[in-house]
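Working notes, beginning with the structure itself.
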Amino acid sequence: MTSSSLWQPFTLGRLELPHRLALAPMTRNRANPDGTPGDLAAQYYSQRAALGLIITEGTQPSEDGQGYVNTPGIHTPEQVEGWVKVADAVHENGGHLFIQLMHVGRISHPDNTPHHRQPVAPSAISAEQDMFTAEGPKKTPVPRELSVAEIRDVIGEFRHAAASAIAAGADGVEIHAANGYLLHQFLAPNANQRTDEYGGSIENRAHFVIEVAQAVAEEIGADRTGIRISPAFPLGGLNEGDTEAVRAQYRHLVSELAKLNLAYLHVHHLGDDELLQSFRDVWPTAVLVVRYGRDRDGIAADIDAGLADIAPLGRFALANPDVVERLQQDAPFNELDPATLYTGGAHGYTDYPTLARV
C-alpha cells in the first residue's frame, strides 16, 4: 500500500493540487519540424492529467535553444497555438500545465536546428557527446562563447518564452537549470571558463541562472515559476568538482533563488541528502524531488522524510497513463518499452493500456 502522505492535498503557487504526485518532464521527440507540439501531444498529456501538476518535456525558448530533433518550442505564434491545444486538453481533464523551458546550449548540433548555426555556450568548449541527427550520430561541435550582450539576449528569450507559455494557457513554467544544458553549463567549472561577471567564482557562475529566474518571475509572477537543478549530475560532459565544491555552489545558488519566492524548486537528486536538507532549510515554498532508481514503494520516501513536498513520476507515468489510479488500487504497472521512447508516433506514446483496457 502506498504511503498516505501521497494523497494529501497541497497548494503550489496559484494551484490547489489534489495529492503529492506530478508528471516529471520527459523528452519524447514527437514535435513537428517547425517546433509545434505534435498531433498526439494533447492526448498524451491529458491522459496523465490526474497527476495534477503536469510538467512538460523540455521546450526551447529560441532557435539556438534546440538540441535534439523533433523537440517543441515556445517562441513563435504557431508554437503558442500548438500549446493552446495541449493546455486546453489538460485543463479539461482536471490537470495543471507547467511548460519546461530548456535551452540546451552546447548539447546540440547544427543539423538539428532550424538555422543550422554553431551552438552557443558559456565557453568555447565541446561537450564531446554523441548527438543523434537525421544522418545518424555525430559529435557535438565546439560551441561559440556567448558575449555578455548575447547572454542578456538569452535572458530576454526566456522572458519571452515564459510570456508565450502563459499566452498559450499554461499555468506556469519550469526553468531547466539541470541535466547538462545551458544554465547548468554556466554552473560547471569545466564548461564555464569565463573571466567576466558570469564566470570564475561561485557567485559569478550562478549569476546567469539567477538572472533568468528573476526575469521569468518578473514577467509572469514568481508563483507561476519553478526551477529545476541537478547538483553533481555529470550529464553532457559536466564536472562540478568534489562534494564540497558542489555543496558550496548549490547552497549559494539555492539561497539566492530562495529570495525570489518561486513556486517550487525541483531537484533531480543523486543522493547527497545533507545537501538536499540544506535546500529544504532555506527554500520558502514547495520542493519537488526525483531520484533515479526509485521503486514503487519508495515514491513517497522523500515526502515521509520531510525532504520533499511532491514526488514527480517519470517512467512510471510514461508507461501508465492512469498511474494515480494504479497506485491507489495497488494495481500492477505496465512495463516500459525503451525502444519507443524517442521514435515518434502513437506507439509507446499514447497507446499504453489503462486498467479499463486491460
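Quick note: the coordinates plus some simple rules give every number you see, no bench work behind them. Model, not experiment: these values are computed from the prediction. Methodologically, a virtual Cβ is constructed for each residue, glycine included, from the backbone with ideal geometry; neighbour enumeration extends over all protein chains shown.
Observations on the structure shown:
- If you go through the stretch 290-320 and keep only what is of a type outside the set (A, V, I, L, M), under 28 Å from G348 (Cβ atoms) and in a loop (DSSP other than H, G, I, E, B), you end up with Y292, G293, R294, D295, G314, N320.
- Taking the stretch 60-117 as the range and being outside any helix (DSSP H, G or I), charged (D, E, K, R) and surrounded by fewer than 20 Cβ atoms within 10 Å (Cβ to Cβ) as the test, the residues that pass are E63, R117.
- Sole exception among (1) among the small types (G, A, S); (2) touching a residue at least 40 places away in the same chain (Cβ under 8 Å); (3) at negative phi for A339, by number: (2)
- Count of the stretch 31-53 residues, restricted to those that are touching a residue at least 40 places away in the same chain (Cβ under 8 Å), in a loop (DSSP other than H, G, I, E, B) and either crowded, with 23+ Cβ neighbours inside 10 Å or of a type in the set (D, E, K, R) (or both), is 5.
- Selection within the stretch 256-311 - farther than 17 Å from A232 by Cβ and among the hydroxyl-bearing types (S, T, Y): Y264, T285
- Filter result (on the phi > 0 side of the Ramachandran plot, in a loop (DSSP other than H, G, I, E, B) and surrounded by fewer than 21 Cβ atoms within 10 Å (Cβ to Cβ)) within the stretch 205-243: G221, G241
- In the stretch 313-325, the condition of being under 30 Å from A248 (Cα atoms) and surrounded by 14 or more Cβ atoms within 10 Å (Cβ to Cβ) is met by at least one residue.
- Restricting attention to the stretch 246-284 and to residues that are touching a strand residue (DSSP E or B) at 6+ places or on another chain (Cβ under 6 Å) and within 21 Å of V212 (Cβ to Cβ), the residue that is surrounded by the most Cβ atoms within 10 Å (Cβ to Cβ) turns out to be H266.
- Pairs, first closer than 12 Å to Q249 by Cβ in the stretch 195-213, second of a type in the set (A, V, I, L, M), C-beta under 7 Å, six or more apart: I202/A248; R205/L187; A206/L187; A206/L253; V209/A177; V209/L183; V209/L187; V209/L253
- Residue within the stretch 4-19 that is in a loop (DSSP other than H, G, I, E, B) and hydroxyl-bearing (S, T, Y) present: no
- Looking at V246, V254, just one residue is in a helix (DSSP H, G or I) and more than 19 Å from the chain's Cα centre (by Cα), and that residue is V246.
- Among the conditions (1) loosely packed, with under 15 Cβ neighbours inside 10 Å; (2) touching a Ser or Thr at 6+ places or on another chain (Cβ under 7 Å); (3) within 16 Å of W7 (Cβ to Cβ), the only one that A300 does not satisfy is (1).
- Residues (over 16 Å from L183 (Cβ atoms) and touching a Phe, Trp or Tyr at 6+ places or on another chain (Cβ under 9 Å)) located in the stretch 100-132: H109, N112, M131, F132
- From the list A165, A149, the lone residue that is without any contact (Cβ under 8 Å) to a residue 24 or more places away in the chain and either surrounded by fewer than 16 Cβ atoms within 10 Å (Cβ to Cβ) or not in a loop (DSSP other than H, G, I, E, B) (or both) is A149.
- Pair list, Cβ < 9 Å and 6+ apart or interchain, from the stretch 230-257 residues that are closer than 21 Å to L288 by Cβ to residues that are in a helix (DSSP H, G or I) and acidic (D, E): R247/E274; H252/E203; E256/E203
- Just one of the listed residues (D88, D64, D39) is closer than 27 Å to R106 by Cβ and of a type outside the set (S, T, Y), and it is D64.
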